[in-house]
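Report on the structure given below.
Every read-out reported here was derived from the displayed coordinates using simple, explicitly stated rules and does not represent laboratory data. Everything numeric here is computed off the predicted structure, so don't read it as measured data. A quick note on method: Cβ atoms are made from the backbone with ideal geometry, for glycine too, and the neighbour counts reach across all protein chains shown.
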Amino acid sequence: MANHSATKKDVRQSAKRRDRNRYYGKTTRNAIRELKTNTDKKVYGEQLPDVVSMIDKLAKRGIIHKNKAANLKSKLTKKANAVAVA
């Protein structure tokens, strides 16, 4: 690591950003996992918009790629439709 004060500050900032991004990513993955295990149609319909919003925020922040976000949302919506029919 360089001894410039700006470089030291950048290291501190990137560490904070990394921790924050890991937290958001892990929280979203847990929410997706909980949603997938749920089989109740009503609860699934209530939780789906919140999880989709979390996924969109990850893509907007650059934590995940926008195509990955689209794929996740598509899979969750397909499962929601399957739960609604059953």
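When every residue of the stretch 18-32 is checked against the conditions, none turns out to be small (G, A, S), assigned to a helix (DSSP H, G or I) and touching a residue at least 40 places away in the same chain (Cβ under 8 Å). What number goes with the only condition from (1) touching a residue at least 24 places away in the same chain (Cβ under 8 Å); (2) of a type in the set (K, R); (3) loosely packed, with under 12 Cβ neighbours inside 10 Å that K60 does not pass? Here K60 meets the rest and fails (1).
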